[in-house]
Each structure stands twice: as structure tokens, then as C-alpha cells.
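The values are calculated or read from the model by the stated rules, or taken from the named source; none is laboratory data. Please read these numbers as outputs of a predicted model, since none were measured by experiment. Cβ atoms come from the backbone with ideal geometry, glycine included; neighbour counts cover every protein chain shown. SASA here: full protein model, heavy atoms, side chains in, ligands and nucleic acids out. Shrake-Rupley method; radii C 1.70, N 1.55, O 1.52, S 1.80 Å.
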Amino acid sequence: MKNIVEIFLQAAEKYPDRIAIVDKDQSITYAELKAQAKQTTAYFQQKGIQKGDRILVFVPMSVDLYRIVLAIFYVGATAVFLDEWVSKKRLEICCQIADCRGFVGVWKARIFTLFSKELRSIPIKLSLKKLAKTSVAITEIDADDAALITFTTGSTGTPKAARRTHEFLKAQFDALLQEIKPKARDVDMPVLPIVLFMNLGIGCTSVIADFKMSKPEKMEVSKVVAQLSDNQVNRIIASPYFVTRLAQYVIQNDLDLPHLEKIFTGGAPVFPAEAKLYEQAFPKATTKIVYGSTEAEPISSIDAKDLVKREVQLSKGLPVGIPFHQAEVKIIKITMQEIVVKNEAAFKKIVLPEGKIGEIIVSGKHVLKQYFNNEAAFRANKIVVGETIWHRTGDSGFFDGEELFLTGRCKQLIETENDYLSPFIIENELQSLEGVSMGTLMEVEQKLILVIEGRLTDNQNLNFPFDRIQHIQKIPRDPRHYSKIDYARLKIMLK
């Protein structure tokens, strides 16, 4: 198998009448999705799309999104995927990086074309809905050909374009299979778009959650719960914010979701208080917290019930489990500089022993090895040791035996005389205080500022230093998962 679309075609051949995707009141079988993907491919070819072309896709999670992306794979082109929350400015930057030949998007993106020179300069504009009923053959590709380009950073900074080849997507597919262990009979609610592609290769049913991903805080949880019940969903794969909101609603309304068997959550840290919430809300389900990133998914995982038991160790770091068996994980000395090593011996000198806090790095088949048109991003985020490419996660942590512990982003660590002060661990302590919904410690202009969302009523028992307290109405969150603090934006607010 070379072209990643073949995994879907095999599933469609095996389960033609099974529902592939449910999107609100719309559903489509595997046979119907296969036919429509081929008709979309024929339409793309009529418009002049060829193997190797890059197609900018600005379509939210929907049947249309997956029909279009399957067609792009089928024709041997590359889907350049943008998040629903992307701004006009960021969209234009992504356009400049990707240099696309085709563009397909919803009305919001089409309005952008009226005001954006970059979008107007894309030569081929593709209809969201058009199909062509002519026969097409799957395009043969090399395993190292690009299938998908996704942008990895948040809303600030120069976007990093992750170049996912067909071979890499297959390795990521295999890794997720081993981590999630999906079955064809499953009915899944995957809130992370890439996971739905995995489902299409298994033959299971995916239910798209009824909420606007660009505005997660406005999610009407009652609608999602109705979907879970009506479709008898037995698995959820979503961000911690999504799972937490769902758990709170279930507990407040004394509900039971008897069909729910498995929950996977990741993309942001989960502390024991949240893990307890998940266990209380979904006592019949197994909840697994997966640690990973866009470039490396999964790195490790831990069951929620095990995390709850480990609460006493949180003064040192957040346990995230034993690394995935196909991932090699090491801890290296923290530096904000590029890392170049001449050989294996030089590499071993920067690797830290067990118990020492440093940057987490990872290698493996399912770990991204290249960025698109961004040599600077490669140098900043990769370490080349012989034939092995290590990815620098930017996260700090340490090993205790075989288990990995997180201590937050390297950039957020506050250096002390003997060690590091971890705002990440402090955030967990603050979150457990009455009246505090979120908080952190930041070093701004050589002052330690304790930032509190909510109202801190008593600071007598805080076990860390700070110079002053800053109450803030809303701490900014990351736009992708709405689960992590957006430190860059918060620092600007504090200044």
C-alpha cells in the first residue's frame, strides 16, 4: 500500500452499507462516500488538478471535508489543511508558505478571497459541492509523496507546516490503532479531525459533534449529549476541555451514558482533579489520557484512574505514563538554541539521567521528520543523529523509572539557584483552590506574577514564591483545544 486512500477503499469494500459519518441530520454510508469521493476526484481532474498539486482546504469537520480530502488523496495531490479558527491574516501567511494551486472552502473563506490578494492568486477555485460522473483511476504515488500539510503552531508566530507523507500517515494510523484499539463495530465521536481519518480506515462510524470548533466555549452540551445517546456512541476522542464540559453536564444532570465504553483525551494536560471528574461522570468507561503533539502522536498515555492514585506525586511533575512502545523518548539539557551533534557520542553527552528535568525528545516511525518550506523550523525542532531524527517537543519533564513526568513548557520554566520552578505544577495547585477556575505563575520583567482567573480568597497556604497577585477576568486559552493557557497572549496582557 502506497496511497493512504487505499485504507479507506478497503474498508468501503468490506463494509459498504455501514454508516461512515453522521453529521447532525445527515449521514453517509461507506459505499456512498466512496462513490462521491471518486466523483469529486473526477471533478477535480476536469478542473485541471494533477498529481503533486497542493489544494488549500478551508472546510470545517463535515461529510464535505472528508469527501474532498479523500478525493485529493485519490488524485495524488496534497491537502493543505487549515483550522476553522484561523484568522484572515494567518490564512494569508499559510497561503504564502504552501504556494497552493487549488482552493476549496466554505462561505467564510470565499468572502476572504474578496479582500485577500494571496487567495485570489490561487489559480484554480474549486466548488465545495460539484461532482462529475466519470470513471477515475487511483493515482500511483511514492510513499514519500506529501499527502497532507497541517499547520502546527497557535495563533501567534510563523506557522510551521507539518509535511505528512503517505508513509507517515500510514505509520501514524498504525500507531493510533495500537493505542486506541478501535473495532469496526465502534460508533465514535472524534472531535480531533485527523482521528476521523483513522476511523474511515477501520470501517467504524464517526459522529461529528454538534458544536462550532472555532468557538468551543459556546458549546451547547445538551446537543452533544443527545447525539451520544441517539447514536449509541461507545467511544469519544476529544480535547480535555470537551470531555470536562461533558463530564460536568452529566454530573449536574445526573445522567447515564450506558453505551460509552472508552474515552481518549489529549492535546492539553489533564490533572487529577479532572481525572476524578471523568471517573465520576463515566464510571463504566475506561478513560485514557494521551500525551503527544502534532508531530508525534502518541508519545505516552495513562489511565485516568491511575492518575487519580498518583496525586501525591504532583509536587514534582504530572505523570503521563510509560512511553508508547514504538516511541523512543529521552530527556536532554534545556536550551533555546538549535542543537547540532556530530555523532552518537556527542548526542549522549546532552542526554540527562533519570530524575533530572530537561526537554522531552522523541523518535519513531510515527514521528514527523520534516516541515514544508521551512528549514529554520527543522533546525529549531529536530536533532539529527546519524539516520535518526529526534523531535524536540518543547515540553520539559523527567523520568522516574520507566514513567514519564511533565513539568510544563521549557519556555515557561523559571530558573532558580539550584533548579527550576515549574508554573505548570503550580497551575494544578491553583486549580484546586476554591474560587479559582484557572491560574499560573509568570515571570514578567523580572517579577513573579501570580495570575488568577476567579478570586483567590486565601493565599496563606501557597507553597511557592511570588511578588504580586494579578486577578484577571479571563485567562486566554489556545485556539485549537481551548484547554491550555496561551502564555504569549497572557504575557502581552500583563505588560
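For the structure I just gave you, tell me whether Y487 is within 24 Å of the chain's Cα centre (by Cα), surrounded by 14 or more Cβ atoms within 10 Å (Cβ to Cβ) and more than 20 Å from A275 (Cα to Cα).
On the way: within 24 Å of the chain's Cα centre (by Cα): yes; surrounded by 14 or more Cβ atoms within 10 Å (Cβ to Cβ): yes; more than 20 Å from A275 (Cα to Cα): yes.
Yes; evaluated as a whole, the condition is true for this residue.
Condition check ((1) open to solvent by less than 20 Å² (accessible area, probe 1.4 Å); (2) closer than 17 Å to L128 by Cα; (3) out of contact with any Gly (no Cβ under 7 Å at 6 or more places or on another chain); (4) among the aromatic types (F, W, Y)) across all residues:
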site: Q10; (1), (2), (3), (4): no, no, yes, no
site: Y15; (1), (2), (3), (4): no, no, no, yes
site: Q36; (1), (2), (3), (4): no, yes, yes, no
site: Q46; (1), (2), (3), (4): no, yes, yes, no
site: L65; (1), (2), (3), (4): yes, yes, yes, no
site: L70; (1), (2), (3), (4): yes, yes, yes, no
site: F73; (1), (2), (3), (4): yes, yes, yes, yes
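Residue under question is I55, and the condition is that it be at pLDDT 95 or above, closer than 22 Å to F115 by Cα and buried (at least 21 other Cβ atoms within 10 Å of the Cβ); does it hold?
Considered against the rule, which asks whether it is at pLDDT 95 or above, closer than 22 Å to F115 by Cα and buried (at least 21 other Cβ atoms within 10 Å of the Cβ), I55 comes out as yes.
Just a yes or no: is a residue in the stretch 66-81 among the small types (G, A, S), closer than 15 Å to T205 by Cα and modelled with pLDDT of 95 or more?
No, the conditions are met nowhere in the stretch 66-81.
Grab the helices (runs of 4 or more DSSP H) fully contained in the stretch 49-151, keeping just those with 3 or more residues being closer than 30 Å to T29 by Cβ. Steps first, answer last, please.
Numbers: elements: 63-75, 88-98, 107-115, 117-120.
Once the helices (runs of 4 or more DSSP H) in the stretch 49-151 are filtered for at least 3 residues that are closer than 30 Å to T29 by Cβ, what remains is 63-75, 107-115.
How about the stretch 317-353: which of its residues are basic (K, R) and crowded, with 19+ Cβ neighbours inside 10 Å? Full working, then the answer.
We begin by selecting, within the stretch 317-353, every residue basic (K, R); these are 330, 333, 342, 348-349.
Once the filter is applied, which keeps residues that are basic (K, R) and crowded, with 19+ Cβ neighbours inside 10 Å, the stretch 317-353 yields only K330.
Which residues, taken from the stretch 403-425, are assigned to a strand (DSSP E or B), modelled with pLDDT under 90 and hydroxyl-bearing (S, T, Y)?
The answer is Y420, and nothing else.
Take the conditions more than 20 Å from I237 (Cα to Cα), modelled with pLDDT of 95 or more, buried (at least 22 other Cβ atoms within 10 Å of the Cβ) and touching a strand residue (DSSP E or B) at 6+ places or on another chain (Cβ under 7 Å) and apply them to I361. Does it pass?
Details: more than 20 Å from I237 (Cα to Cα): yes; modelled with pLDDT of 95 or more: yes; buried (at least 22 other Cβ atoms within 10 Å of the Cβ): yes; touching a strand residue (DSSP E or B) at 6+ places or on another chain (Cβ under 7 Å): yes.
Considered against the rule, which asks whether it is more than 20 Å from I237 (Cα to Cα), modelled with pLDDT of 95 or more, buried (at least 22 other Cβ atoms within 10 Å of the Cβ) and touching a strand residue (DSSP E or B) at 6+ places or on another chain (Cβ under 7 Å), I361 comes out as yes.
Does I124 fit the bill of being aliphatic (A, V, I, L, M), modelled with pLDDT of 95 or more and surrounded by fewer than 19 Cβ atoms within 10 Å (Cβ to Cβ)?
Against the criterion (aliphatic (A, V, I, L, M), modelled with pLDDT of 95 or more and surrounded by fewer than 19 Cβ atoms within 10 Å (Cβ to Cβ)), I124 qualifies.
When S27 is evaluated against the numbered criteria (1) more than 20 Å from E118 (Cα to Cα); (2) assigned to a helix (DSSP H, G or I), which criterion, by number, is the only one it fails?
So the condition that S27 fails would be (2).
E32 fails exactly one of the following numbered conditions: (1) at negative phi; (2) open to solvent by 30 Å² or more (accessible area, probe 1.4 Å); (3) not in a helix (DSSP H, G or I); (4) not β-branched (V, I, T). What is the number of that condition?
Failed condition: (3).
Quick test for you: out of D419, D458, pick the one residue that is surrounded by fewer than 17 Cβ atoms within 10 Å (Cβ to Cβ) and within 16 Å of T407 (Cα to Cα).
D419
For residues that are among the charged types (D, E, K, R) and assigned to a loop (DSSP other than H, G, I, E, B), scanning just the stretch 278-316, find the one that is surrounded by the fewest Cβ atoms within 10 Å (Cβ to Cβ).
Once the filter is applied, the top-ranked residue is K284.
Does V436 fit the bill of being in contact with a helix residue (DSSP H, G or I) (Cβ under 7 Å, 6 or more places away or on another chain) and under 30 Å from F211 (Cα atoms)? Let's see the steps before the verdict.
On the way: in contact with a helix residue (DSSP H, G or I) (Cβ under 7 Å, 6 or more places away or on another chain): yes; under 30 Å from F211 (Cα atoms): yes.
When the stated conditions are applied, V436 passes them.
Any idea which of (1) open to solvent by less than 10 Å² (accessible area, probe 1.4 Å); (2) among the small types (G, A, S); (3) under 20 Å from the mean Cα position of the chain (by Cα) is the one S87 doesn't satisfy?
(1)
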